[in-house]
Amino acid sequence: MDPELNRYILLNEAKGLIPGYPQSMLDILGKCNIAAVYGSTHKNIRNNMLSLIGTSMIKDRLLPRIDRYMRLHLNNWDNTTVDIQEKTMNMTLLIALKQIAEVESSSIYEDFKVEFGKLLVGSLSLPINIPGTKYYHGLKGRKNVMKFLKELVERRRESPVTYDDKLDLMLNGVDSSYMLSDEEIYDQIITILYSGYETVSTTSMMAVKYLHDHPEALQELRDEHFSIRKTKTAEESIGWDDYKSMKFTRAVILETLRLATVINGVLRKTTKTIELNGFVIPKGWKIYVYTREINCDPFLYPEPFKFNPWRWLDNKSLEWHTYFLIFGGGGRLCPGKELGIVTISTFLHYFVTTYRWEEIGGEKILEFPRVEAPNGFHIRVNKF
Ligand code: HEM
């Protein structure tokens, strides 16, 4: 839990502190997934990942698409009761899938979602492969997800048409310095969908919850988004400069991530016997770099249990603090950080400028060990 030691571990992969994720995760996300590789292979996969989800890609290609599908997704919520947990999960998966295979995503989405759900549950399970176990279902999910992806790739290769999405970029070598093999392409797609799923959907749901409970913050957020809308026609999408101007929105998202910690920590494994703070950690041992507690450190965040987005504006360096580990650190710092924040910001933009909402009430949200609403999180939504 020691922030300094945690940071040391994250920054020193080369000294024998490589990722140590469980066997179930490695089997189900694939052996080429970014968390399973290290050294030069990791460098190649990560550079490729950055060329697919990094800032220049978001600016030019991803944001317009996120904007378009967010509008569609938020259409027709007027005068209805929605389970915002379910809605944000669907939104996140569908929008991510659209970025990968835009044209085909609509037709495969419903079936794909079922298989992806199995994969998700199986990724954190005891690796016992007998019918009925989560692991068994997870492997089945992976097998079927792979089937979808292989068919997509085959069709693309046979077709003379070019597409403007991540799959085409991967097939045609977006990163000129390294061409992914087919296996790497499949695992890269699964990794993108997996890493951005619960993180983005849960944070979107929890932002709705915190904003509902803090009307002052909601008002300031609305003002920020209405002032952006004022400069545009109803059909005009938000652009990169609009996104960069959403200072309060970013603060709301960071504060939500801090309080509703989606990732409690990250796992590492020693490749040799190592001494850390006077303790000898034998070769092959796993280390759980538990970062959750840092989010509630009263020295960094006074009144740590209070939802106070303004703290991120009063102290602009907070996001860049040495112990800000919400997105990890070192050579594995989350490459999807900006894409995640862009997606949640776009969701909040259209949600708060179109609707007001009330909680149906009484529904439990668990914050530990996972942030989730076991029975859903229902809200009544009405147009302004
Ligand atoms: C907004 C919420 C998000 C949070 C809080 C978050 C958090 C993290 C953390 C803590 C790590 C470090 C893991 C480690 O050191 O082992 C990480 C890595 C990663 N994240 Fe995110 N993430 C978010 C969104 C996303 C999105 C939207 C994507 C992709 C579309 C993504 C893709 C990845 C990938 C590929 C890695 C592995 C990087 C590597 O091993 O080099 N993340 N994320």
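The values are calculated or read from the model by the stated rules, or taken from the named source; none is laboratory data. Only a predicted model underlies this, so the values are computations on that prediction, with no experimental measurement involved. Heads up, the Cβs are rebuilt from the backbone with ideal geometry, glycines too, and the neighbour counts pull from every protein chain shown. Surface accessibility is based on the protein's heavy atoms, side chains included, excluding ligands, DNA and RNA. Shrake-Rupley method; radii C 1.70, N 1.55, O 1.52, S 1.80 Å.
On the accessible surface of segment 249-384, probed at 1.4 Å, how many percent belong to carbon and sulfur atoms?
Whole-percent figure for carbon plus sulfur exposure: 56.
What ranking do 198-204, 33-39, 68-74, 78-84 get when scored by the average of other Cβ atoms within 10 Å per residue, highest first?
Listed from highest to lowest mean packing, they are 198-204, 33-39, 68-74, 78-84.
To the nearest 10 square angstrom, how much accessible area does residue 137 have with a 1.4 angstrom probe?
So the heavy atoms of residue 137 present about 80 Å² to solvent.
For the chain, calculate the relative contact order in percent as a whole number, restricting contacts to Cα pairs under 8 Å that are 6 or more residues apart.
Reported relative contact order: 28 percent.
How do the peptides 186-194, 272-280 rank, highest first, by the average count of neighbouring beta carbon atoms within 10 Å per residue?
186-194, 272-280
Could you work out the relative contact order of segment 141-249? I mean the mean sequence separation of Cα pairs under 8 Å and 6+ apart, divided by the number of residues, in percent.
Result for segment 141-249 is 16 percent.
Send over a whole-number figure in Å² for the accessible area per residue of segment 164-284, probe 1.4 Å. Could you put the intermediate results ahead of the total?
Working: 5110 Å² over 121 residues.
Normalised by residue count, the accessible surface of segment 164-284 is 42 Å².
Gap in Å between the Cα centre of segment 125-153 and the Cα centre of segment 155-185?
Each part's Cα centre sits 24 Å from the other's.
Relative to the compact-globule scaling 2.2 N^0.38 Å, provide the ratio for the alpha-carbon radius of gyration of the chain. Show your work: numbers first, answer last.
Working: Rg = 21.0 Å, N = 384, 2.2 N^0.38 = 21.1 Å.
Cα-based Rg divided by the globular estimate yields 0.99.
As a check on your grasp of the helix formula, calculate [θ] at 222 nm for the chain: sum -39500 (n - 2.57) over DSSP H runs of n ≥ 4, divide by the residue count, round to the nearest 500.
Computed ellipticity for the chain at 222 nm equals -16500 deg cm²/dmol.
Under 5 Å between amide hydrogens, which residues at least 5 positions from residue 363 or on another chain qualify, with H placed 1.01 Å from N in the peptide plane?
Distant-sequence amide H within range of residue 363: zero hits.
Could you point to the residue in 221, 207, 125 farthest towards the positive end of segment 87-225's charge dipole, with +1 and -1 charges on the Cβ of Lys/Arg and Asp/Glu respectively?
My answer, from the dipole projection, is 125.
Among 125, 237, 176, which one moves the most in a GNM of the chain with springs linking Cα atoms closer than 10 Å?
176
Taking +1 at the Cβ of each Lys and Arg and -1 at the Cβ of each Asp and Glu, which of 84, 1, 257 sits farthest along the dipole of the chain towards its positive end, judged by Cα position relative to the Cα centre?
Highest projection toward the positive end goes to 1.
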